[in-house]
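In what follows, a single structure is set out as structure tokens and then discussed.
Where a number appears in this text, it was derived from the coordinates with a stated rule and is not lab data. Because the structure is predicted, anything quoted here is derived from the model rather than measured. Using ideal geometry, Cβ is built from the backbone for each residue, glycine included, and neighbour counts are taken over all protein chains shown.
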Amino acid sequence: MKTNILGLPVKETEIIISELNSLLSNYQVYYQNLRGIHWNIRGKRFFDLHVKFEELYNDSQLKIDMIAERVLTLGGTPLHTFEDYIKHNKIEVGKNISNDEKAVHLIVNSLSHLLILEREILNKAALVNDEGSNAMMSDFIAEQEKTIWMMQAWLEE
């Protein structure tokens, strides 16, 4: 079995790179959704949600950079055009959302989809001892599960 400089199998690593690029694309759309709802949110909960959405998009921006750097570490090239992001995106694009509940539902649905992608990467990375990708996905998953729980608690009021 041919391995790369990190000691990981080349063929399986190429698959992980591809899936990380798909995750990167979906994260970029999620990030832009967060920017949009941050800018457009209206209503009595404006102050709380405006701050929360900013917190989430700042966190997403960091994760986007981490994903791109992992792609590079594994020997790939991160996707970096809007064309690529749209081509690989599977999450809903939120356009002109100003309602608080619609905004929070968009976040929950987006995170649920990101979790699916992250678990796929986690499983494939574990099979080839790609601990770097595995640890990153594990951290993302734990944080996003908690965010979903908190958002659902908010929706139930």
Angle in degrees between helix 131-156 and the longest Cα principal axis of the chain, rounded to the nearest 10: 20 degrees
Among G94, M1, N21 - extreme Cα towards positive end, dipole of the chain, charges at beta-carbon: G94
Charge dipole (debye, nearest 20) of the chain; +1 at Cβ of Lys and Arg, -1 at Cβ of Asp and Glu: 360 debye
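Among the listed pairs K90/K146; K102/K124; K124/K146, give every one whose C-alpha distance is greater than 32 Å.
Values: K90/K146 22 Å; K102/K124 34 Å; K124/K146 23 Å.
As for pairs spanning more than 32 Å Cα to Cα, those are K102/K124.
Determine the calculated [θ] at 222 nm for the chain from helices alone, applying -39500 (n - 2.57) to every DSSP H run no shorter than 4 residues and normalising by the residue count; nearest 500 deg cm²/dmol. Don't jump to the answer; show the numbers that get you there.
Values: 5 runs with 120 residues, N = 157.
After summing the helix terms and dividing by residue count, I get -27000 deg cm²/dmol.
Please report the relative contact order for the range 34-157, taking Cα pairs under 8 Å with a sequence separation of at least 6, and give it as a percent rounded to a whole number. Can you show the working numbers first?
On the way: 87 pairs, mean separation 31.3, N = 124.
Reported relative contact order: 25 percent.
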C-alpha center-to-center spacing [the range 102-153, the range 45-89] in angstrom: 13 Å
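Quick one: which of 110-123, 12-25, 54-67 comes out on top by average Cβ neighbours within 10 Å, and what's the full order, highest first?
Values: 110-123: 18.3, 12-25: 20.4, 54-67: 16.5.
Final packing ranking: 12-25, 110-123, 54-67.
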Selection from G76, V104, N129 lying farthest towards where the dipole of the chain points positive, charges on Cβ: V104
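Of all the Cα-Cα pairs you can form in the range 10-156, what percent are over 18 Å apart?
Cα-Cα pairs of the range 10-156 separated by over 18 Å account for 56 percent.
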Footprinting exposure proxy for V29, V10 (fewest neighbouring C-beta atoms within 10 Å first): V10, V29
Sorted by Cβ neighbour density within 10 Å, fewest at the top, the residues F82, F53, F47: F47, F82, F53
Protection-proxy order for peptides 128-137, 94-103, 30-39, 147-156, each taking the mean of Cβ atoms within 10 Å per residue, highest first: 30-39, 128-137, 94-103, 147-156
